[in-house]
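Just below is one structure, and these are the notes that go with it.
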Amino acid sequence: MLNKTIVLLIILSMFLIGCRTSPLVEVTNESITTGSGKAVALSAVTHDITQAGVGLGWQMKKVKPGYILATLLLRKHMVKVNIHYSTTEYSITYNDSNEMNYDGTNIHTNYNNWVQNLNNAIRTQVFNNN
C-alpha cells in the first residue's frame, strides 16, 4: 500500500509541475492605434513603449530605432523580450530567460501573462498619448 501511495504522489507531482508550463505566446504585428487616429512619429512610439514597460517594472533598453530589448526580473525569474516596432505596428518576441523552464516550445505560464500585460500596457499608452 505504501508503494502505491508513493507512486501516486510522484505522478501527481509530475502532473503539477507540467501544469506550470504552456506554449510560448508571442505578439506579432500588433497594430498601433491612436486615440486621435492620426499618424504617430517613431520617437513617440519609442517613448510610449518605454513608458509602458517601465510602468510594469521592465527595464527598457533602446538598442536602435525600432528595437527595444526589455528585461523583467522578478524573484528568481528573468525574461528578455525583443520589441520591434514601426509607426504602424509592433511585435514582442522571446529573447532569453532564466528559471522559466523554457524548452524551445513551452515556458512557465507566468511568461505569457507578463508579455500579455506588457502588450496591454503598450496599446493603452499609445492610444492615450496620441
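Structure notes:
- Any chance ASN82 is closer than 17 Å to PRO23 by Cα and touching a residue at least 12 places away in the same chain (Cβ under 8 Å): no
- Residue check for ALA70: in contact with a Lys or Arg (Cβ under 8 Å, 6 or more places away or on another chain), small (Gly, Ala, Ser) and surrounded by 16 or more Cβ atoms within 10 Å (Cβ to Cβ): yes
- Neighbours by Cβ (under 6 Å, 6+ apart or cross-chain): first from region 11-34, within 30 Å of THR87 (Cα to Cα); second modelled with pLDDT of 85 or more and assigned to a loop (DSSP other than H, G, I, E, B): ILE32/THR88; THR34/VAL40
- Test result for GLY57, within 16 Å of LYS80 (Cα to Cα) and either acidic (Asp, Glu) or at pLDDT 95 or above (or both): yes
- Qualifying residue in region 75-84 (condition: surrounded by 12 or more Cβ atoms within 10 Å (Cβ to Cβ), assigned to a strand (DSSP E or B), basic (Lys, Arg) and over 16 Å from the mean Cα position of the chain (by Cα)): no
- Residue pairs whose Cβ atoms lie under 9 Å apart, separated by 6 or more positions or on different chains, with the first residue in region 91-116 and under 23 Å from ALA52 (Cα atoms) and among the hydrophobic types (A, V, I, L, M, F, W, C) and the second modelled with pLDDT under 95 and assigned to a loop (DSSP other than H, G, I, E, B), are VAL115/VAL25.
- Odd one out for TYR94 among (1) closer than 24 Å to PRO23 by Cβ; (2) assigned to a helix (DSSP H, G or I); (3) among the aromatic types (Phe, Trp, Tyr): (2)
- Some residue of region 38-54 being assigned to a strand (DSSP E or B) and among the polar types (S, T, N, Q): no
- Residue count for region 118-130, restricted to those that are crowded, with 17+ Cβ neighbours inside 10 Å and closer than 19 Å to LEU24 by Cβ: 3
The values are calculated or read from the model by the stated rules, or taken from the named source; none is laboratory data. Note that the structure is predicted; figures quoted are calculated from it, not measured. Cβ: placed from backbone, ideal geometry, glycine included. Neighbour counts: every protein chain shown.
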